[in-house]
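Heads up, the thing below is written out as structure tokens.
The values are calculated or read from the model by the stated rules, or taken from the named source; none is laboratory data. Quick caveat: nothing in here was measured; it's all calculated off a predicted structure. Note that we place each Cβ from the backbone using ideal geometry, even for glycine, and neighbour counts take in every protein chain shown. Just the protein is used for accessible areas: all its heavy atoms, side chains included, with ligands, DNA and RNA removed. Shrake-Rupley method; radii C 1.70, N 1.55, O 1.52, S 1.80 Å.
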Amino acid sequence: MSTEMTDQDGIRLQKALAQAGVASRRNAELLIEQGRVEVDGAVVTEFGTRVDPAVSVIRVDGERIPPTTAHAYLVLNKPRGVVTTMSDPQGRPCIADFVQDRPERLFHIGRLDTDTEGLLLLTNHGEFAHRLAHPSYEVSKTYVAEVDGNVKPAVLRHLLDGVDLDDGPAQADTVKVVSEVKGRTLIQITLHEGRNRIVRRMFDAVGHPVKRLTRTAIGPVRRGNLHTGELRDLDPKELGQLLDLVDL
């Protein structure tokens, strides 16, 4: 009986790399020959290797190459005043207003308060969304908060050490002052917490209420030049890093 693989058993590795937009097939062969390609944790140097792009974990120079997929992975720079829902019975602006031209049935991952602006991920991949929102995967989120008052170093230390909230303690991973004027401080804070209004409640607890709040990063996804109200696809590097973070 023949043991030869067919397309149903996978496709050649160089074809998978070409389909993912990494390189032409010829250049993909060079990458393989140079030992720069890994499949499921093992370096591959043979051109005939077959893979299933939907399940094989492929890396080039250590970077995850996400598979070609029908799933959508988007990031929205949510404006202040927009409700984080896909519909709103009160007729307020909501997330659906920004994706109404998309053919997929999208949903948001996590949420932002109506008064908070910044990055929000959307997808139609249920398991990806479930894992990314789950606290066990500890995907970091970075915010810039404008707070009342001039914040002293002892307050920053308190945020790092942890503050007691009514639903348990919460602490920042990093926190730093970005700028300061009389009566106002701009602070960048990173944390893994996903509880409701967690950043606002933390600053309330240390006596510096938030006046304006923006989420500027989710894991490797940065706001960059994405303007308020704009939507874009995650780039392959961002998606690959997020897939790694949630073990997909």
Original post:
Quick one: helix 236-245 against the long Cα principal axis of the chain, what's the angle to the nearest 10°, folded into 0 to 90?
Top reply: 80 degrees
Original post:
Ignoring ligands, DNA and RNA, what percent of the accessible area of the chain is carbon or sulfur (1.4 Å)?
Top reply: 47 percent
Original post:
So, by mean Cβ neighbours within 10 angstrom, what's the order for 39-49, 153-163 with the highest one leading?
Top reply: 153-163, 39-49
Original post:
Nearest 20 debye, what's the magnitude of the dipole of the stretch 140-218 about its Cα centre given +1 on Lys and Arg Cβ and -1 on Asp and Glu Cβ?
Top reply: 340 debye
Subject >> Which of Thr45, Gly229, Ala70, positive extreme of dipole for the chain (C-beta unit charges) >> reply: Gly229
**OP:** Just name one of Pro169, Pro153, Leu186: the one whose Cα is farthest towards the positive end of the charge dipole of the stretch 140-218 (beta-carbon charges, Lys/Arg +1, Asp/Glu -1).
**Re:** Leu186
Original post:
How do Arg215, Arg59 rank by accessible surface area computed with a 1.4 Å probe, from largest to smallest?
Top reply: Arg59, Arg215
**OP:** Enumerate the whole-percent occupancy of each 5 Å bin, from 0 to the last occupied one, for all C-alpha pair distances of the stretch 73-162.
**Re:** 3, 11, 19, 20, 16, 13, 9, 6, 3, 1, 0
Subject >> For the stretch 1-92: rounded, prolate or oblate by the Cα gyration tensor [a/c cutoff 1.5] >> reply: prolate
Subject >> Cα centroid separation - the stretch 28-84 against the stretch 133-188, whole Å >> reply: 34 Å
**OP:** Step through the table entries Lys78/Lys152; Lys152/Lys211; Lys78/Lys211; Lys211/Lys237; Lys78/Lys176, compare each Cα-Cα distance with 26 Å, and write down the pairs that go over it.
**Re:** Lys78/Lys152; Lys211/Lys237
Subject >> the stretch 147-248: proportion of alpha-carbon pairs further apart than 24 angstrom, % >> reply: 34 percent
Original post:
Check Leu234: other-chain or 5+ apart residues with amide H under 5 Å from its amide H, H built from backbone geometry?
Top reply: Tyr73, Leu74, Val75
Original post:
Per residue, what volume in Å³ does the convex hull of the Cα atoms of the chain enclose?
Top reply: 174 Å³
